[in-house]
Amino acid sequence: MHNLLESALMKDYVPHDHRVAHQRAHIDLAEQLKGIRTVFGRDGNGIVAIHGIDRVRDALVRHIEEFDVVLEQFLASATLDPLDPAARGRPAVDGMIGYRAGGTGFLS
Ligand SMILES: [Fe+2]
């Protein structure tokens with residue numbers, strides 16, 4: 001789910017180099033998990049599996065720091081502030097303003 005959601009978000013707002021490296025990192029995490037499952041299925045050694053999960057957990061923490069935080073920054077910088085007058089006139093912003101005007105109305 002993490003991969004699908006992030007891939008969809010990255011499509012329009014994230015530089016190609018980050019997209020490629022980020023998606024490669026997702027594949028690396030998935031391969032590590034698959035390796036744990038394969039070894040555990042073959043040997044049934046829970047201790048080895050637990051150590052593998054520890055390594056994947058550490059890799060996931062690094063992934064969040066190295067890729068997900070950067071992705072969040074790309075998306076935040078690409079997101080328009082509807083209160084910024086320069087953002088007016090863009091369909092997404094005007095649509096949001098119209099929606100709010102019909103409901104809570106604080107942006108109108
Ligand atoms: Fe990610």
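Filtered by the rule that a residue be closer than 21 Å to Leu71 by Cβ and free of Cβ contacts under 8 Å to residues at least 24 places away in the same chain, segment 13-48 gives His16, Asp17, Arg19, Val20, Gln23, Arg24, Ile27, Glu31, Leu33. Please tell me if Gly98 is away from the ligand (no atom under 16 Å from the Cβ), part of a helix (DSSP H, G or I) and modelled with pLDDT of 85 or more. So Gly98 does not fit the description; no. Residues that are closer than 23 Å to Ala8 by Cβ, within 14 Å of the ligand (Cβ to nearest atom) and modelled with pLDDT under 95 occur at least once in segment 74-93. For segment 23-43, the criterion of being at pLDDT 95 or above, more than 16 Å from the ligand (Cβ to nearest atom) and exposed (fewer than 10 other Cβ atoms within 10 Å of the Cβ) is satisfied by at least one residue. Checked against the criterion of being more than 14 Å from the ligand (Cβ to nearest atom), of a type in the set (Lys, Arg) and loosely packed, with under 13 Cβ neighbours inside 10 Å, segment 62-69 has no qualifying residue.
The values are calculated or read from the model by the stated rules, or taken from the named source; none is laboratory data. From a predicted model like this one, the values you see are computed outputs, not experimental measurements. Cβ sites come from the backbone with ideal geometry, for glycine too, and all protein chains shown count toward neighbours.
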